[in-house]
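To keep things clear, I will list the structure first and then write my remarks on it.
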Amino acid sequence: MPSNIINRRFALTAAALLTALAIAGCGKQDAATPAASASAPPPPAAARVLVVGTDAAYTPFESQNDKGDIVGFDIDVVKAVAQKAGLEVKFVNTPWEGIFNSLDQGDRDLLVSAITITDERRQTMDFSQPYFDAKQLIAVKSDSPVARFEDIKNLKVGVQNGTTGDEVVGKLLGKSSTAIKRFESTPLALKELEAGGVQAVVADNGVVVHYLANNAAGGFKTVSDASFPVEKYGIAVKKGNAELLARINQGLEAIRTDGTYARIYASHFGTEPKQAGK
Ligand code: ARG
């Protein structure tokens, strides 16, 4: 056997070994262990696994599959961001009602939950660069006369408690109106629409569209209204956690420029993002 082939074989085996070492090193992320080889990943930014809170009842952004895994667009975005930023993350299902508090208390390191960046929320937490554009959308029964937002003024309206949907409906009907039925989750509000307990639901467009597409039997239609502002989703960190925020923003930038974001977007929404999520 000519020696150059033997050398090549040796080189291939050595390369395979190094790759195996590098992969084995990945899971550990132990800062005390020296890198296994020049090709091993850099040591992680955070010495511990960061806990990501998400209200996993918000398909296609976050939900729990049959195996109990938390999956969705937001989850894929944060996983990709974490990989770029050298962070290790785990997702913990966290009810919307206590989600901001869990960040403040330090029970969660970051939140991804289709959270709209608002001035009010900015007072108590910090947000990454926006990663998704959304709008409110009205869901009504197919035979409903509702044609615009104003038309729901005298109806019973379902919202998820404490969301931006709750906020816009509160402005139209009055915050303390008894016609607003506040639910713990958006799917519960939509179920109530199906059952006839409310005549309209106002929630984020992505979730409403997805729900309707998967519940044809519900007999719903959607009504959009030009008065609804564009909302931007951001990843939230505890107020003042500038180091983590900077890493998340770097990760977001990296997944936008290398096409990962567009790939994740297409895998959940079937189309390319209009402006790479900016
Ligand atoms: N975007 C809306 C808001 O920030 C609704 C988000 C609800 N998210 C969820 N996972 N339940 O208020």
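The values are calculated or read from the model by the stated rules, or taken from the named source; none is laboratory data. Computed from a prediction, not measured in an experiment: that's the story for all the values here. Note that we place each Cβ from the backbone using ideal geometry, even for glycine, and neighbour counts take in every protein chain shown. Heavy atoms of the whole protein, side chains included, go into the accessibility calculation; ligands, DNA and RNA do not. Shrake-Rupley method; radii C 1.70, N 1.55, O 1.52, S 1.80 Å.
The Stokes-Einstein estimate for region 115-185, based on a Kirkwood radius over Cα pairs and taken at 20 °C with 1.002 mPa s viscosity, is a diffusion coefficient of 156 µm²/s. The alpha carbon gyration tensor of region 152-206 gives principal lengths a ≥ b ≥ c with a/c of 1.5 or higher and a/b no greater than b/c, which makes the shape oblate. 3J(HN,Hα) couplings calculated from phi for region 129-139 with the Karplus curve 6.51 cos²θ - 1.76 cosθ + 1.60 (θ = phi - 60°) are, in sequence order, 4, x, 10, 6, 9, 9, 8, 6, 9, 9, 10 Hz; Gly and Pro show x. 3J(HN,Hα) couplings calculated from phi for region 257-263 with the Karplus curve 6.51 cos²θ - 1.76 cosθ + 1.60 (θ = phi - 60°) are, in sequence order, 6, 8, x, 4, 4, 4, 5 Hz; Gly and Pro show x. Close amide H pairs (under 5 Å, H built 1.01 Å from N) link F183 with V159, Q160, N161, residues at least 5 positions away or on another chain. The alpha carbons of region 128-278 stretch over 46, 35, 26 Å along the principal axes, in descending order. Dipole magnitude for region 143-278: about 280 debye, using +1 per Lys or Arg Cβ and -1 per Asp or Glu Cβ, origin at the Cα centre.
Treating r as the C-beta distance of K171 and E253 and R0 as 35 Å, the FRET efficiency rounds to 0.50. Rounded to the nearest Hz, the phi-derived 3J(HN,Hα) couplings of region 191-200 under the Karplus curve 6.51 cos²θ - 1.76 cosθ + 1.60 (θ = phi - 60°) are 4, 5, 5, 4, 7, x, x, 10, 9, 7, where x marks glycine and proline. Among the trypsin sites (Lys or Arg not before Pro) within region 63-111, those in coil by DSSP and having at most 16 neighbouring Cβ atoms inside 10 Å are K67.
Under 14 Å of direct C-alpha separation, and excluding same-chain neighbours fewer than eight residues apart, K274 reaches these aspartates and glutamates: D133. With all protein chains in place and a 1.4 Å probe, the accessible surface of region 139-211 carries 50 percent carbon and sulfur.
Scattering from region 200-278 was approximated by placing one identical point on each alpha carbon and applying the Debye formula without solvent; log10 I(q)/I(0) at 0.12, 0.17, 0.20 1/Å stands at -0.53, -0.91, -1.05. Heavy atoms of the protein chains alone define the surface here; on that basis region 132-265 has 46 Å² accessible area per residue at 1.4 Å probe size. Taking each of K79/K238; K141/K181; K181/K239 in turn, the alpha-carbon distance tops 21 angstrom for K181/K239.
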